[in-house]
Amino acid sequence: MKNTITLLLLFTISISFSQSSNKRADKLFDRMWYKEASVLYELELNKFERKNKESNTVNDSTYVNLLKRAGDSYFFNTDMKNAYVWYDKLISDFYSDVDTEYIFRYAHALEGIGEYKEAKRWMKEFAKRTENKDGRSELLDQNDLTVEDVLDIEPGFVLKNVAVNTKYSDFGPMYYKDKLVYSSAIDSSNYHTRIYHWNEQPFLNMYLGELNKIGSDVKLIKDFSKKLNTRYHEATLAFSPDETKIYFTRNNYNGDLGRDNKGTNHLKLYSAELGKDSDSLLTWKNIKELPFNSENYSVGHPTVSKDGKLLYFVSDMPGSIGGTDVFVVDILDDETNSQIQDSTYTGYSKPRNLGEKVNTAGREMFPYITDSALYFASDGHLGLGGLDVYESRIIDTTFQKPVNLGAPLNSELDDFGFIVNEEKNKGFVCSNRLTGKGDDDIYSFVRLPKEDVLCKQLIRGYVSNTITGERIANVKMTLFSETGKELESTTTSIAGAYTFNTTLNCATKFKVVAAKTGYEVKEKPVLTLNENGETVVALGLETLNELIVEEKGVLKIKIGIIYFDLDKSFIRNDASIELNKIVLLMAQYPKMVIKIESHTDARNSDAYNLSLSDRRAKSTRDYIISQGIQSNRIESAQGFGESQLINNCTNGVKCTEAQHQLNRRSEFIIIRM
């Protein structure tokens with residue numbers, strides 16, 4: 001990303017890459033110096049394209065690898081505008097050859113520039129290509145929940161960009177006493193400015209901020225702790241309930257940077273305890289690594305349960321479902337710890353993955369636990385783009401299906417680092433949305449309270465063609481209760497929208513059924529939201545057969561062009577092949593009734609064209625009847641000559657043969673089915 005959330009977090013990138021011809025750019029990329037690498041990749045691509053244009057040859061393998069790396073160097077910095085440029089070329093020119101991961105990234109890049117309709121199409125394509133081989137497929141296929149559903153979530157938050165934000169990355173807020181601790185890449189006075197090459201910003205340290213009277217703004221006070229801040233990254237922290245112990249994320253650093261056998265410096269979790277120094281002043285001391293850290297994977301983003309017994313964190317350790325997962329360990333007291341035989345994990349149980357309800361094949365990050373819910377950021381669940389914030393309610397110690405918290409809390413870019421005071425309905429969230437002051441910004445929010453009255457939900461939505469995305473008018477919409485009782489019926493407007501007058505209780509199951517002639521009947525079971533407002537139910541309809549299309553609200557049978565010999569109306573062999581498709585379709589749907597309309601171009605006289613088209617319409621009707629279709633199933637067969645041209649090729653206008661051909665057509669209009 002452009003910001004430092006996963007940059008800082010240095011969670012290793014799981015997909016492998018082929019080496020491109022630009023070894024210097026590859027070296028920068030492998031060291032995660034993405035900004036510098038992107039410049040070199042673009043220079044290499046420009047040279048490559050000029051060379052290929054001059055020689056008229058293409059080295060597909062080299063070109064594909066350059067496109068991947070150029071796109072990735074922007075994608076991992078959350079510069080989705082530039083990532084889209086290179087991914088679009090990659091997908092457009094080499095679609096059949098690219099790994100499905102790039103379809104996933106392409107869809108996210110489209111979301112990042114606000115192209116939700118196109119992103120939806122590519123998410124469905126990703127789900128189709130991966131089938132059940134990728135855990136994200138079911139979450140992104142949009143058969144039940146769609147991007148439109150997320151976009152239509154009733155706004156539940158009011159956000160404010162806080163004063164403490166800088167042009168750099170500011171994020172990772174956490175309550176501490178009556179103040180706020182957060183991380184920032186603002187230049188530190190402790191060290192000479194050191195630049196982190198992933199995003200060309202200073203390294204992160206932790207700072208202490210003062211909250212205003214209503215907790216909606218923050219003012220910088222000072223460094224949080226000179227004992228904890230080092231010359232590398234420190235960020236994302238949590239405290240024990242009594243605030244005498246801190247858990248925080250840091251580079252693997254103990255005087256020197258530690259690296260694995262591939263040269264990667266991972267993140268680790270550290271703890272420290274509040275105590276007095278030699279001058280009897282309170283300070284953080286006894287800094288030590290947590291026992292489940294490793295040189296070979298990253299551990300970070302801590303959050304502690306309100307009773308102090310559980311520590312949640314993020315890692316890509318073995319046993320992860322996706323890129324990064326949320327894990328939990330028990331914090332053991334001395335008595336319990338004495339019973340643990342494995343000294344490797346002294347003070348803590350072995351890490352447990354929260355499972356597939358929370359974690360996906362994507363990235364889950366920045367957890368925050370309360371007594372009633374787990375909040376976290378993810379790009380593996382369906383969202384608006386980049387990382388979105390989700391809420392997983394806790395019922396009987398079980399995490400429920402995560403719910404996207406919607407806009408404006410979430411945006412098309414990265415939204416993360418959510419913390420909340422559940423009683424006051426106030427908190428903070430972080431985002432690199434374009435309306436911010438710098439890279440990542442901290443936003444305070446007020447969560448709109450649920451009404452203390454009887455909770456009711458209005459049901460509305462829209463219906464669209466699943467293939468074309470066009471809205472469908474005059475669809476019969478029926479609302480059913482959970483027991484199957486019909487509550488109300490209505491029809492969609494010319495814009496494909498509908499609203500039921502019946503209101504339902506909140507958190508109530510119901511079903512919406514959409515039906516229209518020529519389309520498959522679609523049912524969608526839904527649960528109303530748990531707050532006053534409305535539940536938006538979007539449905540997609542598919543035509544009964546690929547030959548059936550809707551044009552300007554009229555159902556038609558679409559076959560190939562029916563050709564006639566010059567000045568003739570008899571059915572040729574090639575025309576009979578196309579007409580037989582209509583015969584088979586009408587045999588498949590015995591209640592189908594059609595009418596036939598034939599048209600000519602504007603050449604020749606009006607009277608001649610009217611007569612010729614009428615003969616051809618009736619000849620077409622007679623052929624269909626001769627193949628066993630009852631005559632009463634063809635309401636009419638009429639010629640219109642040149643009276644209904646579909647372009648400007650009227651008398652005296654010079655047009656190409658192809659333009660005239662558009663006007664010479666037979667249309668098969670479905671009256672009923």
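About its Cα centre, the dipole of the range 389-453 is roughly 120 debye, where the only charges are +1 on Lys and Arg Cβ and -1 on Asp and Glu Cβ. Screening the chain for DSSP H helices whose Cα atoms reach 27 Å or more along their own axis and whose mean Kyte hydropathy is at least -1.0 gives 606-626. The accessible surface of the range 592-657, taken with every protein chain in place and a 1.4 Å probe, is 48 percent carbon and sulfur.
How do the peptides 522-528, 63-69, 638-644, 551-557 rank, highest first, by the average count of neighbouring beta carbon atoms within 10 Å per residue? Please list the in-between numbers first.
Numbers: 522-528: 15.9, 63-69: 22.7, 638-644: 17.9, 551-557: 13.9.
My ranking of the peptides, most packed first, is 63-69, 638-644, 522-528, 551-557.
Once all protein chains are placed together, Ile91 keeps about 10 Å² accessible to a 1.4 angstrom probe.
The accessible area of Lys227, taken with all protein chains in place and a 1.4 Å probe, comes to roughly 130 Å². With all protein chains present, how much of the accessible area of the range 356-458 (probe radius 1.4 Å) comes from carbon and sulfur, to the nearest whole percent? Solvent-exposed carbon and sulfur of the range 356-458 make up 53 percent of the total. Every helix of 4 or more DSSP H residues in the chain counts as -39500 (n - 2.57), and over all residues that averages to -7000 deg cm²/dmol at 222 nm.
In the structure shown, the pairs Lys27/Lys128; Lys568/Lys595; Lys401/Lys437 are assessed against 27 Å; a Cα-Cα span above that value is assigned to Lys27/Lys128; Lys401/Lys437. How would the range 347-475 be classified by its alpha-carbon gyration tensor: rounded, prolate or oblate, with rounded meaning a/c under 1.5 and the a/b versus b/c comparison settling the rest? The shape class here is rounded.
For Glu482 and Lys654 in one chain, what is 0.36 nm times their gap in residues minus the Cα-Cα distance, to one decimal in nm?
On the way: separation 172, 0.36 × 172 = 61.92 nm, distance 6.26 nm.
Result: 55.7 nm gained on full extension.
Heavy-atom accessible surface of the chain, averaged per residue, reaches 47 Å², computed with a 1.4 Å probe. The simple spin-label model puts a point 7 Å past each Cα toward its Cβ; for Arg460 and Lys27 those points are separated by 6.0 nm.
FRET efficiency for Ala163 and Asn46, Cβ-Cβ distance as r, R0 = 35 Å, nearest 0.05? Don't skip to the end; give the middle numbers.
Working: r = 42 Å, r/R0 = 1.21.
Here the calculated transfer efficiency is 0.25.
What FRET efficiency, computed as 1/(1 + (r/R0)^6) with R0 = 45 Å and r the Cβ-Cβ distance, is obtained for Asp97 and Ala515, rounded to the nearest 0.05? Could you put the intermediate results ahead of the total?
Working: r = 42 Å, r/R0 = 0.93.
It comes out at approximately 0.60.
In the complete set of protein chains, residue-level accessible area for Glu364 is approximately 0 Å², probe 1.4 angstrom. Measure out, as a whole number of angstrom, how far apart the alpha-carbon centroids of the range 437-486 and the range 541-606 sit. Computed from Cα coordinates, the inter-centre distance equals 40 Å.
Fully extending the segment from Asp371 to Lys581 would add 69.3 nm, taking 0.36 nm per residue of separation and subtracting the current Cα-Cα distance. For the chain, the square roots of the Cα gyration tensor eigenvalues, ordered a ≥ b ≥ c, give a/c of at least 1.5 with a/b greater than b/c, which places it in the prolate category. Cross-link reach is defined here as a Cα-Cα straight distance under 12 Å, omitting same-chain residues fewer than 8 places apart; for Lys177 the aspartates and glutamates meeting it are Glu210, Asp242, Glu243. Note on the range 372-426 and the range 261-328: Cα centroid distance 22 Å, given to the nearest whole angstrom. Zone of Lys227 (label point 7 Å along Cα→Cβ, backbone N under 18 Å): which residues in the range 275-295? Output list for this probe position: 275-290.
Order of 80-87, 30-37, 286-293 by packing, highest average Cβ count within 10 Å first? Walk me through the intermediate numbers first.
Values: 80-87: 21.9, 30-37: 19.4, 286-293: 15.9.
Descending packing order for the listed peptides: 80-87, 30-37, 286-293.
Once R0 is set to 25 Å, what does the formula 1/(1 + (r/R0)^6) return for the Cβ-Cβ distance between Gln630 and Glu542, expressed as a FRET efficiency to the nearest 0.05?
0.35
A crude spin-label estimate for the pair Arg352 and Val39, with each label 7 Å from Cα along the Cβ direction, gives 5.0 nm.
By per-residue mean of other Cβ atoms within 10 Å, what is the highest-first order of 496-502, 604-610? Display every interim value, and only then the final one.
Numbers: 496-502: 16.4, 604-610: 14.4.
Those peptides, ordered most packed to least, come out 496-502, 604-610.
Cysteines of the chain lacking any other cysteine Cβ under 4.7 Å from their own Cβ: Cys430. Does the range 526-670 come out rounded, prolate or oblate, given a ≥ b ≥ c as the square roots of the eigenvalues of its C-alpha gyration tensor, rounded meaning a/c under 1.5 and, failing that, prolate meaning a/b above b/c? Oblate, because a/c is 1.5 or more while a/b does not exceed b/c.
The values are calculated or read from the model by the stated rules, or taken from the named source; none is laboratory data. These numbers were taken from a predicted model, which means no experiment stands behind them. Methodologically, a virtual Cβ is constructed for each residue, glycine included, from the backbone with ideal geometry; neighbour enumeration extends over all protein chains shown. The accessibility values were calculated without ligands, DNA or RNA, using every heavy atom of the protein model including side chains. Shrake-Rupley method; radii C 1.70, N 1.55, O 1.52, S 1.80 Å.
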